[in-house]
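First comes the structure, then the notes that go with it.
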Amino acid sequence: APDYAVWDAGTRQVGQLCEQHADCVSGSCVEQRCVEATCNDGRKNGGETGTDCGPTCSALCPIGQGCLSPEHCETNACAEGVCVLPTCSDGVKNGSETDVDCGDICAPCQTGSVCEVGSDCQQGVCVNALCQAESCADGVLNGTETSVDCGGSDCGQCADGEPCGSDNDCVSG
């Protein structure tokens, strides 16, 4: 029988004799032979950062598994080498954010950021999936407007029948 005790851990190559996974460079010992690591062997080995996931596998790693960067994680959030839940301050567009650390459940985004709906934006205006500055032609009641895109100190007067805040807001006076 081979003398396994004289082997240094992790030095055996594929095809060589082994007694345990730790004996092999690949991290996989099957039937006393070192074998190639695979992405479905139920072990964290080879270039994987987690069990059967990470940069050398097609599978993304779940929360708690290892990572080298956010794109190795199901959550697209990697902190200190571990996949974590995304936060609104992690510097990465992840979770339900529409842009980096803003939109949806996070703070509203600045003008020019990606959005899905007006509430994703600081100005309340999302046009063609981008947050826009408020204007008198954005189709949203915002700024000093008294009705959508009219009235107030910045926009033209409102048509008859539109809500108004003062006589000056209305065409009819």
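The values are calculated or read from the model by the stated rules, or taken from the named source; none is laboratory data. Computed from a prediction, not measured in an experiment: that's the story for all the values here. Here Cβ is always computed from backbone atoms with ideal geometry, including for glycine, and neighbour counts include all displayed protein chains. Protein only, heavy atoms only, side chains kept; ligands, DNA and RNA dropped before computing areas. Shrake-Rupley method; radii C 1.70, N 1.55, O 1.52, S 1.80 Å.
A few comments on the model shown:
- Residue list for the stretch 116-148, filter: under 23 Å from T98 (Cβ atoms) and not in a loop (DSSP other than H, G, I, E, B): G118, S119, D120, C121, C126, V127, L130, C131
- Screening the candidates S96, S69, S58 for the property of being under 33 Å from the mean Cα position of the chain (by Cα), closer than 29 Å to V117 by Cα and surrounded by fewer than 16 Cβ atoms within 10 Å (Cβ to Cβ) yields one hit, S96.
- Pairs where the first residue, in the stretch 121-146, is free of Cβ contacts under 8 Å to residues at least 12 places away in the same chain and the second is of a type in the set (G, A, S), C-beta under 6 Å, 6+ apart: C126/G118; E134/G143; T144/G152; T144/S153; E145/G151; E145/G152
- Under the condition of being closer than 29 Å to Q132 by Cα and assigned to a loop (DSSP other than H, G, I, E, B), the residues counted in the stretch 64-115 number 29.
- Test: T75 is β-branched (V, I, T), closer than 30 Å to V148 by Cβ and in contact with a Cys (Cβ under 7 Å, 6 or more places away or on another chain): no
- Within the stretch 137-148, the residues that satisfy the criterion of being modelled with pLDDT under 85 and open to solvent by 30 Å² or more (accessible area, probe 1.4 Å) are A137, G139, V140, L141, G143, T144.
- Within the stretch 113-128, the set of residues being touching a strand residue (DSSP E or B) at 6+ places or on another chain (Cβ under 6 Å) and not acidic (D, E) comprises S113, V114, C115, V117, G118, C121.
- Among the numbered conditions (1) closer than 30 Å to G103 by Cβ; (2) surrounded by fewer than 19 Cβ atoms within 10 Å (Cβ to Cβ), the only one that G151 does not meet is (2).
- Top-ranked residue in the stretch 33-53 [being in contact with a strand residue (DSSP E or B) (Cβ under 9 Å, 6 or more places away or on another chain) and among the small types (G, A, S); ranked as farthest from T11 (Cα to Cα)]: G50
- Among residues of the stretch 99-110 being open to solvent by less than 50 Å² (accessible area, probe 1.4 Å) and out of contact with any strand residue (DSSP E or B) (no Cβ under 7 Å at 6 or more places or on another chain), the one that is nearest to G64 (Cα to Cα) is D101.
- Odd one out for N76, checked against (1) touching a Pro at 6+ places or on another chain (Cβ under 8 Å); (2) at pLDDT 95 or above; (3) not β-branched (V, I, T): (2)
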